[in-house]
Amino acid sequence: MATDGRAVRRYCAFGQWVRTLDPVDRVFAERLVVDATYNCRQLARYFRSKGARLNDQVLNRHRNGTCCGQKKA
């Protein structure tokens, strides 16, 4: 049998975490991620203080639309 060469990718940690929030908090978190006022490192620290298990690289990929589970524009 030939081995499937496709890499298995994990789903976006931010996307998974934000779906656990209530609707008001979810909208707030999603707006923060797209707001260029805050850099991804600051946001990662803030979200970790709220219980998220993610880092700035996850947020950067999510912000740029390159994480798993997002359609490229």
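Every number in this text was worked out from the coordinates using simple rules, so none of it is lab data. Here the structure is a predicted model, which is why all the values come from computation and not from measurement. All Cβ positions, even for glycine, are placed from backbone atoms using ideal geometry, and neighbour counts span all protein chains on display.
Listed here are the residues, each with its yes/no results for (1) assigned to a loop (DSSP other than H, G, I, E, B); (2) not charged (D, E, K, R).
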residue: L21; (1), (2): yes, yes
residue: A29; (1), (2): no, yes
residue: L32; (1), (2): no, yes
residue: T37; (1), (2): yes, yes
residue: Q42; (1), (2): no, yes
residue: A52; (1), (2): yes, yes
residue: Q57; (1), (2): no, yes
residue: R63; (1), (2): no, no
residue: C68; (1), (2): yes, yes
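Any idea which residue in region 27-59 is nearest to the chain's Cα centre (by Cα), counting only those that are among the polar types (S, T, N, Q) and loosely packed, with under 13 Cβ neighbours inside 10 Å? Step through it out loud before you land on a result.
From region 27-59, those among the polar types (S, T, N, Q) are 37, 39, 42, 49, 55, 57; that's our starting set.
Of the ones still in play, those that are also loosely packed, with under 13 Cβ neighbours inside 10 Å are 37, 39, 49.
Values: T37: 17, N39: 13, S49: 15 Å.
Across region 27-59, the extreme among qualifying residues is N39.
List the residue pairs whose Cβ atoms are under 7 Å apart, where the first residue sits in region 50-64 and is of a type in the set (D, E, K, R), the second is outside any helix (DSSP H, G or I), and the two are 6 or more positions apart or on different chains.
Going by the 7 Å Cβ cut-off, the qualifying pairs are R61/C67.
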